[in-house]
Amino acid sequence: MLKQPVLLTHSLQLPSDSRLLSSDFTFGVATAAFQIEGGATSRLKNIWDTFCDKPSTIKDHSNGLTACDHFSLWEQDIDLIASLGVDAYRFSISWPRVIDKQGQLVKDGVDFYNNILDKLQAKNIKAYVTLYHWDLPQHIEDMGGWLNRQTAYLFQNYVDLISKAFGNKVFSYATLNEPFCSAYLGYEIGVHAPGLIGPEYGKKAAHHLLLAHGLAMQVLQKNCPTALNGIVLNFSPCHSLTENPADLAAAKLADQHFNQWYIRPVLEGAYPDLINQLPHAHRPDIVEGDLAIISAPLDYIGVNYYTREIYQAETQQGFQKVMDKPLPLTDMGWEIYPQGLSELLLDLHRTYKLPPILITENGAAMPDKIINNTVNDRQRLDYYQSHLLAVDDAIRQGVDIRGYFAWSLMDNFEWAEGYVKRFGIVYVDYATMKRTIKASGLAYRNLLNSRPHRVSHSIG
Ligand code: FCB
């Protein structure tokens, strides 16, 4: 009897003619300030510090005061990043570390990031800097946070000062990371900081975030015209539980709320038509000229993708998320659905006139165990394998995708889930702060180093 070949994916494989292997495709790893830095005594308080101090907000009752102590260990962390063979590192700036309550630069905070940027440059790693990854200074929240239009102008001032201070060290800026999460999770359902709950808040906060993005783009294009300046949005394709018209309409409605609400104003200067169906009290406060500011041309759009969602009809809100998900699931309980990534990219490509796309986050939490200094995270490796092929597929079908960043470089503070959910391709032992590259990290490194231009480079 013939034995079936066993497919062992201890490595990551791409077809030899894949565009992902070309020298103009960028591979990186990603992190965010609050999730890894710690060093909380050297910065102002932010909304996540306050949120973590409230009871029952974070699953393991943890906080970001120490996190992965990247604040102390940044040099060895950049050596680690370099050892993975990446082209780029995506990280975020902590606004409350670099700007004081008077809106002026803080020298020590700016030095911290300038040192990181210098070391990245010395290692030939491109810096992809996110300007807002959710850690709003608390004193700004005390004035209404993203519900206050003024916050958008405070953000513009911060971006103006910091982008001048960094000079030409930054290869690419992202104004915001996932405004959906800041607005909806933070101000509408309250599972993220600042924890406000009310259907009237979400879209108002979203509008001020998008305005902040547009205002920031103005100063970035002026201060750093050679950097690639854009925004990072998250998407979960919305599928319908059945083919019933009511379920199909429910899925479409959810898509308008959660996905199109953010990309359409940025690319087309208009909110989805859904805006006209919202109760007046839930609508954003739009001032004339806002949408022109919000839709300033972008050098790229960052796409974060983890999973899809399934919806069914429901009478009150019009849609309801199906909680019983098809298997397999990650440790977050998110369905592993790689075809959703190619579908999403093609869908965006067909719907909009897109700038170049970067996959700025993709990855999976898994219940990792470290045994004899080894983390055999086979399921995460399979997740990366299938999603890289989905990106390859979308490129073959005509989508202009220029880069891919694994979320995350290392295990870190996973927001409301605390430290229990591990997304890293590097394992962090929080007792000792020791970092150990997981099997997925080793495979990622091998893939990156085996790219034809890398191999010829090291030989030549
Ligand atoms: C995204 C966030 C990122 C990380 C991943 C798992 O929504 O941008 O910080 O928490 O999810």
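The values are calculated or read from the model by the stated rules, or taken from the named source; none is laboratory data. Note that the coordinates shown come from a computational prediction; the quantities given were computed from them, not determined experimentally. All Cβ positions, even for glycine, are placed from backbone atoms using ideal geometry, and neighbour counts span all protein chains on display. When the accessible area is computed, the model is the full protein with side chains, heavy atoms only, and any ligands, DNA or RNA have been set aside. Shrake-Rupley method; radii C 1.70, N 1.55, O 1.52, S 1.80 Å.
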| task | Can you bin the range 212-281 into rounded, prolate or oblate? Criterion: square roots of the alpha carbon gyration tensor eigenvalues sorted a ≥ b ≥ c, rounded for a/c under 1.5, prolate for a/b above b/c, oblate for the rest. | result | prolate
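Any idea of the accessible area per residue across the range 321-373, 1.4 Å probe, to the nearest Å²? Walk me through the intermediate numbers first.
On the way: 2660 Å² over 53 residues.
Heavy-atom accessible area per residue stands at 50 Å².
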| task | Give, in whole angstrom and from largest to smallest, the semi-axes √(5λ) of the equivalent ellipsoid of the chain, with λ running over the eigenvalues of the Cα gyration tensor. | result | 31, 28, 23
| remark: In terms of the charge dipole of the chain, which places +1 on Lys and Arg and -1 on Asp and Glu at the beta carbon, the residue among Ser295, Ala165, Asn259 farthest towards the positive end is Ala165
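Within the chain, what percent of beta bridges assigned by DSSP are antiparallel, to the nearest 5?
Working: 11 of 49 bridges.
Rounded to the nearest five, the antiparallel share is 20 percent.
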| task | Determine the sum of side-chain charges near Pro326: Lys and Arg each +1, Asp and Glu each -1, restricted to other residues whose C-beta is under 12 angstrom from that of Pro326. | result | -1
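Rolling a 1.4 Å sphere over the protein heavy atoms, what is the accessible area per residue of the range 1-107, to the nearest Å²? Present the calculation step by step, with values, prior to reporting the outcome.
Details: 5190 Å² over 107 residues.
That works out to 48 Å² per residue.
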| For the range 94-168, diffusion coefficient by Stokes-Einstein and Kirkwood Rh (Cα), 25 °C, 0.890 mPa s, µm²/s | 186 µm²/s
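Run the accessible area of the range 304-363 with a 1.4 Å probe and give the carbon-and-sulfur part as a rounded percent.
Working: 1400 of 2820 Å².
The value for the range 304-363 is 50 percent carbon and sulfur by accessible area.
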| Principal axis dimensions, the range 262-320 - Cα atoms, whole angstrom, descending | 37, 33, 14
| message | How high is the relative contact order of the chain? Use alpha-carbon pairs under 8 Å, at least six apart in sequence, and give a whole percent. | response | 18 percent
| query | For the pair Asp142 and Val322, what calculated FRET efficiency results from E = 1/(1 + (r/R0)^6), where r is the Cβ-Cβ distance and R0 = 41 Å, to the nearest 0.05? | reply | 0.60
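Note down the magnitude of the dipole of the range 57-122 about its Cα centre, charges +1 on Lys and Arg C-beta and -1 on Asp and Glu C-beta and zero elsewhere, to the nearest 20 debye. Let's see the in-between values first.
Working: 6 positive and 10 negative charges, 61 e Å.
Rounded to the nearest 20 debye, it is 300 debye.
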| query | Label-point separation (nm) for Ser23 and Met332, each offset 7 Å from Cα along Cα-to-Cβ? | reply | 3.6 nm
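Relative contact order for the range 394-460: what is it in percent, counting Cα pairs under 8 Å that are at least 6 residues apart? Show your work: numbers first, answer last.
Working: 55 pairs, mean separation 12.3, N = 67.
The normalised contact order for the range 394-460 reaches 18 percent.
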| Whole-angstrom Cα spans of the range 36-122 along principal axes, big to small | 42, 34, 18
| query | What is the magnitude of the charge dipole of the chain about its Cα centre, with +1 placed on the Cβ of each Lys and Arg, -1 on the Cβ of each Asp and Glu, and no other charges, expressed in debye to the nearest 20? | reply | 900 debye
| Overall dimensions of the range 301-382 by Cα: Rg and Dmax, Å | 16.4, 54
| note | Heavy-atom accessible area with a 1.4 angstrom probe orders Met143, Met433, most exposed first, as Met143, Met433
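On the protein heavy atoms, probe 1.4 angstrom, tell me the percent of accessible surface of the range 65-111 carried by carbon and sulfur. Can you show the working numbers first?
Values: 860 of 1770 Å².
Carbon and sulfur atoms account for 49 percent of the accessible area of the range 65-111.
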| note | Along the dipole axis of the range 64-152 (charges at Cβ: +1 for Lys and Arg, -1 for Asp and Glu; origin at the Cα centre), the most positive-end residue among Ser92, Thr151, Trp74 is Thr151
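In Å², and per residue, what accessible area does the range 141-279 have when probed at 1.4 Å with the other protein chains present? It would help to have the intermediate numbers written out before the result.
Details: 4810 Å² over 139 residues.
Here the residues of the range 141-279 average 35 Å² of exposed surface.
Taking 2.2 N^0.38 Å as the expected size of a compact globular protein, what ratio does the Cα radius of gyration of the range 118-158 give against it, to two decimals? Before the final figure, lay out each step's value.
Values: Rg = 14.7 Å, N = 41, 2.2 N^0.38 = 9.0 Å.
Normalised by 2.2 N^0.38 Å, the Cα Rg of the range 118-158 equals 1.63.
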| query | Which whole-angstrom value gives the distance between the alpha carbon centres of the range 89-126 and the range 383-460? | reply | 23 Å
| said: Nearest 500 deg cm²/dmol is fine: what mean residue ellipticity at 222 nm does the chain get from its DSSP H runs of n ≥ 4 alone, each adding -39,500 (n - 2.57), divided by its residue count? | reply: -10500 deg cm²/dmol
